[in-house]
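Take a look at the structure below.
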Amino acid sequence: MKYFVTTFEGAEDIVKKETKGTEHKGFLILAKKPSEDLRSIIRAGIYLKHFKIKDLKDYKKQIKDIDFSFIKEEFAVYCERFGDHKFSSKEIEIATAEKIKAKVNLTSPKTLVYVKIKNGECLIGIDLYKKRIDKRGYRVKPHPNSLNSAIAYIGLNFSDYKPSNSLLDFFCGSGVIPIEAALMKGKEVFATDNQYYCIEATSINSKVAGVKLNISKTKLEDINKKFKKKFDFIVTDPPIATFRGLNDIYHLYDIMFEKAFAILKPKGTFIIITARPKPLIEEPGKFKLKKQLILDKDNLKYYILVFKKN
C-alpha cells in the first residue's frame, strides 16, 4: 500500500525531510502511513492514482481501473480544483461516486475519497484524517490576516531555525509563527505586537497549543527599548500595502529593518514571510538577501525571504 501527503508547491523538499517520500509537484508518495502530527503538509491519505486529464470524459476513463471495492462503509467524495477547467468540482465528485457501490453520506462519511486537480494534473486517494492538517486546532482566536500554520512551519524549517535559538516575532498577529516555533521545542520564543487584540489572540492560542511564549504589547519603534538582549532569529509576517498606503508601508519597512538590525546578534537571521516581496527585496537596509523560497497557496504566491546582516 502506498500513501500520499499534499503540500504547497515549492515546499516538497521540506516535506521530504519529514516524510522521506518521493517528490511530485504539490505532493509526495510515501511507503509508510503518514502521521497526523506532520507540520508541513496539508492533507494525508492512501494513494490510489496520479494522472493527467483533459476533460470530464478523460477523467472518467482514467478512474476506470481504480478498484473501489474496498469501500464498504458510507462515503463521500471531495474534490479540490485549481486552475481553469471545462468541468466543475461537483461533476468530478459525482463521476467518482458513481464508481463506488457503498452508500453516500455527505455529512459524516466513514470514508472520504479525496481528489485534487490542478492545471490538468489529478491526484486521487482516501483522506486518512478527513480534514486539512494545516488547519491547526490551536487557532481558536484567529486574526483576519493570519498566516497559514504550515507555511509558518515551512518558513522556520527553511531558515534553519533550531530550538536552541532565541526568536522574536514583532508582528505576531494571532501568534502562528511563535507558536509553531515553540511546538518545535523552542525555549526562548518572544511575541510582540502593538495591538491589544493580537496580544490577546496570541495568549489564548498559545495556551490552547500548550506552549509557553514571552508575550508583550510593544510598538515596533520601541522594540530595542523593550529588549536589551540580542536575538538569533527574527521571523515575522509584516503588514502589506493592501492595508496601508504605499508611503506608510515603505516607512514601516524602513523602521522594521532598522530595528531588526539593532536587536539581532552579529550573525543573526531575519526571516520575512509575505505575499508581496518586492518592496522588501528592493530596500533591505543593512541586510543581504541570502535565499528565498516561493510557495504556491491556492495560486497565491508566498515568499519566504531569509536575510543576514551585511
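The values are calculated or read from the model by the stated rules, or taken from the named source; none is laboratory data. Because the structure is predicted, anything quoted here is derived from the model rather than measured. We place every Cβ from the backbone using ideal geometry, glycine too, and count neighbours over all the protein chains shown. Areas reflect the complete protein model, heavy atoms only, side chains present, ligands, DNA and RNA absent. Shrake-Rupley method; radii C 1.70, N 1.55, O 1.52, S 1.80 Å.
Some points to look at:
- Cβ-Cβ contacts under 9 Å between residues 6 or more apart (or on different chains), taken from a first residue in the stretch 203-220 that is assigned to a strand (DSSP E or B) to a second residue that is of a type in the set (Gly, Ala, Ser) and open to solvent by less than 60 Å² (accessible area, probe 1.4 Å), are listed as Asn214/Ala191; Ile215/Gly175; Ile215/Ala191; Ile215/Ser203; Ile215/Ser206; Ser216/Ala191.
- Yes/no for Ser159 being hydroxyl-bearing (Ser, Thr, Tyr) and within 29 Å of Thr236 (Cα to Cα): yes
- Here is the figure for the stretch 269-306: residues that are in a strand (DSSP E or B) and within 20 Å of the chain's Cα centre (by Cα) total 19.
- The stretch 49-74 - residue that is part of a strand (DSSP E or B) and open to solvent by less than 90 Å² (accessible area, probe 1.4 Å) and, of those, nearest to Leu123 (Cα to Cα): His50
- Qualifying residues in the stretch 80-111 (those that are charged (D, E, K, R) and not in a loop (DSSP other than H, G, I, E, B)) - the one surrounded by the fewest Cβ atoms within 10 Å (Cβ to Cβ): Lys90
- Any hit, the stretch 245-260, residues being open to solvent by 70 Å² or more (accessible area, probe 1.4 Å) and among the basic types (Lys, Arg): no
- Filtered residues of the stretch 181-193 (kept if surrounded by fewer than 16 Cβ atoms within 10 Å (Cβ to Cβ) and either touching a strand residue (DSSP E or B) at 6+ places or on another chain (Cβ under 6 Å) or modelled with pLDDT under 95 (or both)): Lys187
- Note on the stretch 194-203: among residues that are open to solvent by 10 Å² or more (accessible area, probe 1.4 Å) and of a type in the set (Ser, Thr, Tyr), the one that is modelled with the highest pLDDT is Ser203.
- Matching residues, the stretch 162-176, being open to solvent by less than 10 Å² (accessible area, probe 1.4 Å) and either within 19 Å of Asp37 (Cβ to Cβ) or in a strand (DSSP E or B) (or both): Ser166, Leu167, Leu168, Asp169, Val176
- Residue satisfying all of: in the stretch 262-284; open to solvent by 30 Å² or more (accessible area, probe 1.4 Å) and out of contact with any strand residue (DSSP E or B) (no Cβ under 9 Å at 6 or more places or on another chain); modelled with the highest pLDDT among these: Ala262
- No other residue among Ile100, Ile94, Ile117, Ile124 is within 22 Å of Ser35 (Cα to Cα) and β-branched (Val, Ile, Thr) apart from Ile124.
- Identity of the residue in the stretch 209-231, under 20 Å from Arg139 (Cβ atoms) and in contact with a Cys (Cβ under 9 Å, 6 or more places away or on another chain), that ends up surrounded by the fewest Cβ atoms within 10 Å (Cβ to Cβ): Ile215
- Residues of the stretch 33-48 include at least one that is out of contact with any strand residue (DSSP E or B) (no Cβ under 9 Å at 6 or more places or on another chain), part of a loop (DSSP other than H, G, I, E, B), touching a residue at least 60 places away in the same chain (Cβ under 8 Å) and not β-branched (Val, Ile, Thr).
- Conditions (1) closer than 18 Å to Glu9 by Cα; (2) in contact with a Gly (Cβ under 9 Å, 6 or more places away or on another chain); (3) of a type outside the set (Gly, Ala, Ser): number failed by Lys25: (2)
- Tallying residues that are at pLDDT 95 or above and either open to solvent by 30 Å² or more (accessible area, probe 1.4 Å) or assigned to a loop (DSSP other than H, G, I, E, B) (or both) within the stretch 121-130 yields 3.
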